[in-house]
Amino acid sequence: YTQTPLALDSTITHPTSLLLHMDGSNDGTTFTDSSFWAHTPTVAGNTHTDTAVKKLGTASAQFDGTGDYLDYASSPAFGFGTGDWTIDFWVRSPNWSAGSGYGTPFDMRPGSNLAGCPRMFFDTGNSNVPGYTDGTGGTKCGSNVVMVNDTWYHIAVVKYSNVTKVYTNGVTGASGTYPTEYADTTDYK
């Protein structure tokens, strides 16, 4: 018997579009994508890794809210189509109320509102509850969970069977400012 290792093939559908562990050294600016696609970001502002405050691994990404972000070039991997998908991440803030308007952990719009370009945000004017829009503007759904300073939260935006919901620590809100689900037939290109 001879074992033959499988080679990665770009013609195969790879279900993970971007996988960031945010590991690294303190004050590092390297953000490795562990998915098949190995996307490389443009690092903007003061974005860096921090080894003192982390949920998993060796570090976490730190964004101070003043022009910090990771920018990824357009890719076929980010075209979710009309099928099921999930975007999830861990987040923590030392001061949720420090900002004004909306904190945005991901935004796939090309600079303006455009259908099929998802955006996740924290509404700092509304107890920092997580919200979601399909890119057309206006909140489509949220988890209605109030975010508390210095606490880690697992956030997931899940589209399943044409319904999109936002979950905080595995729970979607049952009431509150935003609807808890969105009948979603959007083609995410």
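The values are calculated or read from the model by the stated rules, or taken from the named source; none is laboratory data. The shown structure was predicted, so the numbers you read here are calculated from the model rather than taken from an experiment. Using ideal geometry, Cβ is built from the backbone for each residue, glycine included, and neighbour counts are taken over all protein chains shown. Ligands, DNA and RNA are excluded from the accessible area calculation, which covers all protein heavy atoms including side chains. Shrake-Rupley method; radii C 1.70, N 1.55, O 1.52, S 1.80 Å.
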Worksheet item: Distance from the Cα centre of region 108-172 to that of region 29-98, in angstrom?
Response: 15 Å
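For every other residue with a beta carbon closer than 15 angstrom to the beta carbon of L114, add +1 if it is Lys or Arg and -1 if Asp or Glu, then tell me the sum. Spell out each step's value before the answer.
Working: positive: R109, R119, K140, K189; negative: D107, D134, D187.
Its environment carries a net charge of +1.
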Worksheet, complete the sentence: The answer for the net charge of residues other than P94 whose Cβ lies under 15 angstrom from its Cβ, with Lys and Arg +1 and Asp and Glu -1, is -1
Worksheet item: Ignoring ligands, DNA and RNA, how do Y167, Y102, Y132, Y182 rank by accessible area with a 1.4 Å probe, largest first?
Response: Y102, Y167, Y182, Y132
Discussion item. With a 1.4 Å probe and all protein chains kept in place, how much accessible area does L18 have, in Å² rounded to the nearest 10?
Written reply: 60 Å²
Worksheet, complete the sentence: Largest fluctuation, T133, T32, T164 only, Gaussian network model of the chain with Cα springs under 10 angstrom, belongs to T32
Worksheet item: Which FRET efficiency value, to the nearest 0.05, do you get for K189 and V146 by plugging their Cβ-Cβ distance into 1/(1 + (r/R0)^6) with R0 = 22 Å?
Response: 0.05
Practice prompt. Would you mind calculating the relative contact order of region 46-97 from Cα pairs under 8 angstrom and at least 6 residues apart, reporting the percent as a whole number?
Written response: 26 percent
Discussion item. How much accessible area per residue does region 44-105 have, counting only protein heavy atoms and a probe of 1.4 Å, in square angstrom?
Written reply: 58 Å²
Worksheet item: With each pseudo-label sitting 7 Å past Cα toward Cβ, what's the N46-H154 distance in nm, one decimal?
Response: 3.1 nm
Worksheet item: Got a sec? Which residues in region 56-71 would a label at W90 touch, if it sits 7 Å along Cα→Cβ and we count backbone N under 17 Å?
Response: 56-63
